[in-house]
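Before any comments, here is the structure.
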Amino acid sequence: MKNLQIPYRLELLPLIPAFHRRARQTRDFAEGQLVYYGPMPCYYGIGEVQNTVEGFIAVDFRGTGQFGVHQDMFQPEYLIPIPASTMGIL
């Protein structure tokens, strides 16, 4: 197993399961917006929204998480936006 150097302090991001009220809030994701996988941030890392396809959000994670995923598609309730003010501490 290779040793991955994760470029962000993902442990600082709160775990937010898909059934949580905060994850279910109706929100629109904009292209270029930074997001993370709410249930387990360290799995996928921090990603950039690429586009929306039939209710699914395409995200480019660039291999920033433990799974080394570069691109994947999610239902909106699995993604949590990262405020610009938080990026400085990550």
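Taken together, the values in this text are just the output of simple stated rules run on the coordinates, not laboratory data. Here the structure is a predicted model, which means the values were calculated and not measured. Cβ coordinates were reconstructed from backbone atoms using ideal geometry, including for glycine residues, and neighbour counts include every protein chain displayed.
Going 7 Å from the Cα of LEU15 in the Cα-to-Cβ direction, what parts of the stretch 26-46 have a backbone nitrogen less than 13 Å from that spot?
38-43
Counting Lys and Arg as +1 and Asp and Glu as -1, each charge on the Cβ, what is the dipole of the stretch 24-90 about the Cα centre in debye, to the nearest 20?
Numbers: 3 positive and 7 negative charges, 44 e Å.
With only Lys, Arg, Asp and Glu charged at Cβ, the dipole is about 200 debye.
Determine the gain in length on full extension of the stretch GLN50-MET73; use 0.36 nm per residue of separation and subtract their C-alpha separation, reporting nm with one decimal. Could the numbers behind the result be given before it?
On the way: separation 23, 0.36 × 23 = 8.28 nm, distance 0.97 nm.
Here the segment from GLN50 to MET73 would lengthen by 7.3 nm.
Which order do ILE82, ILE57 fall in if you start with the one that has the fewest other Cβ atoms within 10 Å? Write out the running numbers ahead of the final one.
Details: ILE82 18, ILE57 21.
So the ranking, lowest neighbour count to highest, is ILE82, ILE57.
Please give the net charge around GLU31, taking every other residue with its beta carbon less than 13 angstrom from that of GLU31, where Lys and Arg add +1 and Asp and Glu add -1.
It works out to a net charge of -3.
Can you match Rg and Dmax of the Cα atoms in Å to one of these, (i) 12.0, 37; (ii) 13.0, 40; (iii) 12.4, 39, based on a calculation from the structure here?
Looking at Rg and Dmax of the Cα atoms in Å for this model, the match is (iii).
What list do you get for GLU31, GLU77, GLU48 if you sort them by fewest beta carbons within 10 Å?
Working: GLU31 10, GLU77 19, GLU48 14.
Exposure proxy ranking, most exposed first: GLU31, GLU48, GLU77.
Please compute one quarter of the surface area of the Cα convex hull for the stretch 30-82 and express it in square nanometres.
Numbers: hull surface 11.8 nm².
For the Cα atoms of the stretch 30-82, the hull's average projected area reads 3.0 nm².
Can you sort TYR43, TYR78 so the residue with the fewest Cβ neighbours within 10 Å comes first? Don't skip to the end; give the middle numbers.
Values: TYR43 14, TYR78 22.
Fewest-to-most Cβ neighbours within 10 Å comes out as TYR43, TYR78.
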